[in-house]
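Report on one structure; see the data block that follows.
Each reported figure results from applying straightforward, stated rules to the coordinates on display, with no laboratory input. None of these values were measured; they are calculated from a predicted model. Because the Cβ atoms are built from the backbone with ideal geometry, glycine has one as well, and the counts that use them run over all protein chains shown.
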Amino acid sequence: MTHHLVVRVIAKMLIPFIMLFALYVQFHGDFGPGGGFQAGVIFASAFILYALVFGVETAREVAPDWVVRTGIALGGLIYGGTGVVSLFKDGNYLDYSVLKADPVAGQHIGILVIELGVGITVASVMTAIFFAFAGRQRRG
Amino acid sequence: MAVTVFMVVRLHNLFAVVMLGGIYSLLAAALLVVLDAVDVAFTEAAVGAGISTVLALGALSLTTSQEKEPSRRPFYTFVVLFVVAITGAALIFGSLDMPVIGDPTAPIHGHVADVYLSEGPVATGVPNVVTAVLASYRGFDTLGETMVVFTAGIGVLLTFASVQAGRKREDEAGEEEGEE
């Protein structure tokens, strides 16, 4: 699709806003609808749009394989690590109330952190699956 | 929605089927908004109408966009019809006992829902009850879901990696033969 001028220009204009919207959904998920799952998918769709318009190889330069693969594991580690941190702070596993002196603030921080973990994993997995599909050549 | 499903069954052009699948997801998202389930509608629109359509198109570009002729053996047709009829009858039988949508005395509203609604925002400081339940009360479930996504990603990567490694080996073997 590299020769479609309109598509390229519009995509270039849209991608930052898609990413911004993903971040909004990510960090505003506790006030409005949204959260890690949705944000991760939206963030990945920005990459997919980029890959569709500018080619998969260009997109791979923006998000190299090692970044995507690290992200897949990192999100899960953040989520699980939050639980371990609350264990070290004399709470139950994934009990966010002990993360701070004020239980409500602790809950808030815990929810934000694990949603971030969910978002990173979902975004990386979606991008990785798309790259895996699109990077494969059809057998000639 | 019923029209889209009917079209999906009737059409043999898989490209059109994928597009109709996206339309179906979008309609489902609209239905969920009507039911006040904005979070779920959001997910349905993003995942169902967005990502899975793109992935299905990617799969189509690797394979073919025309459906194969199904086998017309009468025995299979009978077995499939039997299984579908039994499953459908069981589902309809199960739905007979369901309370009316929005019934406040439904069993689901009797246990923890009230507690979540009244105490959730206070105890977690998060106004969106869905997020509070998802991330805090049901933190283990969400951890499990994240791990499911993680496992799915690893699985796809491994499948494609092994396919590519096998092809590379074949190519190298072919080149060596060519050199000889």
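GNM on chain B, alpha-carbon springs under 10 angstrom: the most fluctuating residue among B:Ala28, B:Ala41, B:Ala106 is B:Ala106. When you restrict to C-alpha pairs under 8 Å that are six or more residues apart and normalise by the size of segment A:70-140, the relative contact order lands at 34 percent. The rule of thumb for compact globular proteins, 2.2 N^0.38 Å, goes into the C-alpha radius of gyration of segment B:1-72 1.23 times.
Between 0 and 90 degrees, rounded to the nearest ten: what's the tilt of helix A:103-134 against the longest Cα principal axis of chain A? The helix A:103-134 is inclined about 20 degrees to chain A. Full extension of the segment from B:Val80 to B:Phe93, taken as 0.36 nm per residue of separation minus the current Cα-Cα distance, would add 2.7 nm.
In straight-distance terms, cross-link reach from A:Lys12 covers every one of the lysines whose alpha-carbon lies under 25 Å from its own, apart from those fewer than eight places away in the same chain; here that gives an empty set.
Highest mobility in the GNM of chain A, judged by mean-square fluctuation with C-alpha springs under 10 Å and restricted to A:Val41, A:Val84, A:Val104, is found for A:Val104. Of all lysines in the structure, those lying under 20 Å Cα to Cα from A:Lys100, and not within fewer than 8 positions of it along the same chain, are A:Lys89. Using the alpha carbons alone, the radius of gyration of segment B:1-131 stands to its Kirkwood radius in an Rg to Rh ratio of 1.10. Spatial offset of segment A:94-124 relative to segment A:6-69 amounts to 23 Å, using the alpha carbon center of each.
Legend: ranking of residues A:Thr70, B:Thr53 from fewest to most surrounding C-beta atoms inside 10 Å; resulting order A:Thr70, B:Thr53.
Taking all Cα-Cα distances within the protein assembly as shown, those exceeding 38 Å account for 28%. Each label was represented as a point 7 Å from its Cα along the Cα-to-Cβ direction; for A:Lys89 and A:Phe17 these points are 3.9 nm apart. Along segment B:25-37 the Karplus relation, 6.51 cos²θ - 1.76 cosθ + 1.60 evaluated at θ = phi - 60°, assigns HN-Hα couplings of 4, 5, 5, 4, 4, 4, 4, 5, 5, 4, 7, 6, 9 Hz to successive residues, with x for each Gly and Pro. On C-alpha positions alone, give me the angle between the axis of helix B:139-179 and the longest principal axis of chain B, in degrees, nearest 10. Here the helix axis deviates by roughly 0 degrees.
Would you give the gap between the C-alpha center of segment B:34-49 and the C-alpha center of segment B:1-26, rounded to a whole Å? Measuring centre to centre over Cα atoms gives 19 Å.
Between B:Ser118, B:Ser52, B:Ser95, the GNM of chain B built on Cα springs shorter than 10 angstrom shows B:Ser95 fluctuating the most. Taking N as the residue count of segment A:5-134, its C-alpha radius of gyration divided by 2.2 N^0.38 Å amounts to 1.21.
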